[in-house]
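Q: After the structure tokens below, expect a handful of questions from me.
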Amino acid sequence: MKTVFTTGEAAKICKVSQQTIIRCFDSGQLKGFRVPGSKFRRIPRDVLFKFMRENGIPTDALESGKRKALVVDDDVELVELIRDVLDADGRFEVRVANNGFDAGMMVKEYHPDVIVLDVMLPDINGKEVCQRVRSDSSMDDVRIICISGMVERDKIEELKAAGANDFMQKPFEVDVLMNRICKLLDVEPVGV
């Protein structure tokens, strides 16, 4: 488990901008230390936890230390494969939904860091899910990777315009998906 955080990591955990963390650090509201010989700031876990408590910031992201992933697809085998790979990585907490309705309910209460979203769900299309997530400003930090067998360029552009951060065509290698997730969340890629 991580014991010391950079200002960028602390910002992601607290769901605020890095500048906010730097201001709190520089003003003495958030204690920590500077790396000797550099201007880099570091924040110990216990100090960050106390800061979050004092400021009413939910500490669940810090407590588990894991990034939250929501996998939404009606292809049960694919969902299980993605879940297994994310679980095996050890840095992710995974929840799954098999339709848009469940996904919509889950996004609100779970607040995932990343959503792997099938574009063609039985009850709603991926574009609409993207639009709903993006219409809620508390979800601005949620990353969305759309997956689909369709390849029409204009449809992919529509998804990105609706709020998708990335698109992958089915079938795909699951480790490629993992690396895309890591890149979007700014975490070390797999096998590095």
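The values are calculated or read from the model by the stated rules, or taken from the named source; none is laboratory data. Keep in mind that what you see is a predicted model, and the values were worked out from it rather than measured. Cβ: placed from backbone, ideal geometry, glycine included. Neighbour counts: every protein chain shown. Remember, those area values only see protein heavy atoms, side chains included, never the ligands or the DNA or RNA. Shrake-Rupley method; radii C 1.70, N 1.55, O 1.52, S 1.80 Å.
Q: Among the listed residues Asp74, Asp84, which satisfies the condition of being closer than 23 Å to Gln169 by Cα, of a type in the set (D, E, K, R), outside any helix (DSSP H, G or I) and over 15 Å from the mean Cα position of the chain (by Cα)?
A: Testing whether each residue is closer than 23 Å to Gln169 by Cα, of a type in the set (D, E, K, R), outside any helix (DSSP H, G or I) and over 15 Å from the mean Cα position of the chain (by Cα) leaves just Asp74.
Q: Pick from region 87-134 the residues that are acidic (Asp, Glu) and assigned to a loop (DSSP other than H, G, I, E, B): which of them is nearest to the chain's Cα centre (by Cα)?
A: Restricting to residues being acidic (Asp, Glu) and assigned to a loop (DSSP other than H, G, I, E, B), the top hit is Asp113.
Q: Residues of region 164-192 being in contact (Cβ under 8 Å) with a residue 24 or more places away in the chain and over 22 Å from Leu78 (Cβ atoms), which ones?
A: Passing the criteria: Asp186, Val187.
Q: Those residues that are assigned to a helix (DSSP H, G or I), surrounded by 15 or more Cβ atoms within 10 Å (Cβ to Cβ) and small (Gly, Ala, Ser), I need them from region 154-192; list them, please.
A: Ala162
Q: So is Arg53 of a type outside the set (Gly, Ala, Ser), open to solvent by 40 Å² or more (accessible area, probe 1.4 Å), in contact with a strand residue (DSSP E or B) (Cβ under 6 Å, 6 or more places away or on another chain) and assigned to a helix (DSSP H, G or I) or not?
A: Considered against the rule, which asks whether it is of a type outside the set (Gly, Ala, Ser), open to solvent by 40 Å² or more (accessible area, probe 1.4 Å), in contact with a strand residue (DSSP E or B) (Cβ under 6 Å, 6 or more places away or on another chain) and assigned to a helix (DSSP H, G or I), Arg53 comes out as no.
Q: Taking the options Val151, Val114, Val107, name whichever one is buried (at least 16 other Cβ atoms within 10 Å of the Cβ) and either touching a strand residue (DSSP E or B) at 6+ places or on another chain (Cβ under 6 Å) or within 20 Å of Cys182 (Cβ to Cβ) (or both).
A: Val114
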